[in-house]
1. Between Rg and the Kirkwood Rh of the chain, both from Cα atoms, what is the Rg to Rh ratio?
2. With a Förster radius of 45 Å, plug the Cβ-Cβ distance of Arg277 and Glu247 into 1/(1 + (r/R0)^6) and report the FRET value to the nearest 0.05.
3. If you plug each phi of the range 3-19 into the Karplus form 6.51 cos²θ - 1.76 cosθ + 1.60 with θ = phi - 60°, what whole-Hz ³J(HN,Hα) values come out, in order, with x for Gly and Pro?
4. Sum -39500 (n - 2.57) across every DSSP H segment of at least 4 residues in the chain, then divide by the residue count to get the 222 nm mean residue ellipticity, nearest 500.
5. Suppose R0 equals 35 Å; then what is the FRET efficiency for Ala56 and Asp162 from their Cβ-Cβ distance, rounded to the nearest 0.05?
6. Taking only protein heavy atoms into account and a 1.4 Å probe, give the accessible area per residue of the range 1-73 in Å².
7. Per q in 0.09, 0.20 Å⁻¹, report the Debye log10 I(q)/I(0) for the range 4-127, using one uniform scatterer on each alpha carbon and no solvent.
8. Relative contact order (percent) for the chain, with alpha-carbon contacts under 8 angstrom and 6 or more residues of separation?
Amino acid sequence: MDVRQLAALVAVAETGSVTRAAEVLHLVQPAVSRQIKLLEDELGVPLFERTRHGMALTDDGRILLEHARRALSELERARAEIRPASGELRGLVTLGLSPSIAEPIGEALVARVATEHPAVQLRLSIGYTRHLADWLDAADIDLAVIYEVRPSSAVDVRPLLDESLWVVGPPGADLSPDRPVQFADVHEQVRIHANPTHAMRNMLERVAADAKIPLTVAVETNSMNVQQRLAAAGVAYTVLPGIAVAEDVARGRLTGAPLLDAGLRRRLLIALPGTRRLGHAVRGVAELLVDEMRRSVESGAWPSATWLAEPRAGTSRSPARSR
C-alpha cells in the first residue's frame, strides 16, 4: 500500500462517496476507485460496503482507517520538520483548545498564523482537558493549552497564566467585575453546574466542602454555552472562566464577578508531547499562541488573570500537577 491509496481510503471514508472523494483529492473518479480496489486486493478483504446512503466502512475498513490517518499525519509532521532553505514554515499543525478559550484566542491566532506563516495549515481541535491529554498521548494533536496534567501523561508542560473563575448571572444581577466575591456569599444562587466529571465542578465541590456549605444543583450540563444561556435567562447563577464570559459581561448580556476563593483559581499550561520531535511549524505556532495569550492578559481582555511565562516556544519538563 502507498500514500495515494491511504489518502483515497480516508477521503472516501470522510465523504461517504467516491465522487466527492475524487473532488477532494482533485482526481477523476475511476482513479479513486482503483486505489481502493488495489488496497482491497492487497489485503484480501472488502473495506467498504455500498449502501443507499453511500460508501460505508466495513469493520476491517474502520481498522485500516485509524492506521491510515495516523500514517498520513506522521508524514505531514515529517514534512513540517524539514524546513526549506528559504526559512518559510509550512505543514499541518493541530492545536487542542478548551471551549472556554477556543473562540477568544483561536480567532486571533488563526489571523496571525495566516499573516506570519501563510504556508502553515492550522487545525483546531476543541475538547476538555481530559480529551486533550488523550489526544496528545495518541499523537492526534501537536500541542494544547490545558488546565491540568494527569500523572500518566507523557507531555512537556510550562505554566502560562493563573486565572480566577467568575460567578455569572443575568443582566441586572448584583454582580460587578470590580467587586470580587467569595463563593460562600453567592452559593445559594449558583445552581447551574458543569457535569460531575468536569474539573470546574470538582473545584466547586472542594470549596463548598471546605466552607461547609451545600452545593445546590438545579441543572447539570456538559455545555458551557448552555450554562451561559441559562444564566442569561435568569434561571440561576453559574461559575465559568472569565475569558469565556468577558465579552458578554462587557456587552450587558450577562453580569459577573471574580471569585476570591483560592480554590477557584486555575493554572493554564502549554503542553506538547514529550516523546516526539517538535517540527518547526509546531514551534512557530506555539510562539504565536503564547504571545496571543500574553497580549490578552496584559491588555485586560483576559480578566482576573496573572501572566506567569515569558513568550517562547520551548517547554520545560514539569512534574504533573492538578489544580
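1. On the way: Rg = 23.1 Å, Rh = 22.0 Å.
My calculation puts Rg/Rh at 1.05.
2. Working: r = 38 Å, r/R0 = 0.84.
Once the sixth-power term is evaluated, E becomes 0.75.
3. 4, 4, 5, 5, 5, 5, 4, 5, 5, 5, 4, 7, 9, x, 7, 5, 4
4. Working: 11 runs with 141 residues, N = 323.
About -14000 deg cm²/dmol.
5. Values: r = 48 Å, r/R0 = 1.38.
Once rounded, the FRET efficiency stands at 0.15.
6. Details: 4530 Å² over 73 residues.
It amounts to 62 Å² per residue over the range 1-73.
7. -0.36, -1.09
8. Numbers: 567 pairs, mean separation 69.7, N = 323.
Relative contact order for the chain comes out at 22 percent.
The values are calculated or read from the model by the stated rules, or taken from the named source; none is laboratory data. Computed from a predicted structure; not experimentally measured. All Cβ positions, even for glycine, are placed from backbone atoms using ideal geometry, and neighbour counts span all protein chains on display. With ligands, DNA and RNA removed, areas are computed over all heavy atoms of the protein, side chains included. Shrake-Rupley method; radii C 1.70, N 1.55, O 1.52, S 1.80 Å.
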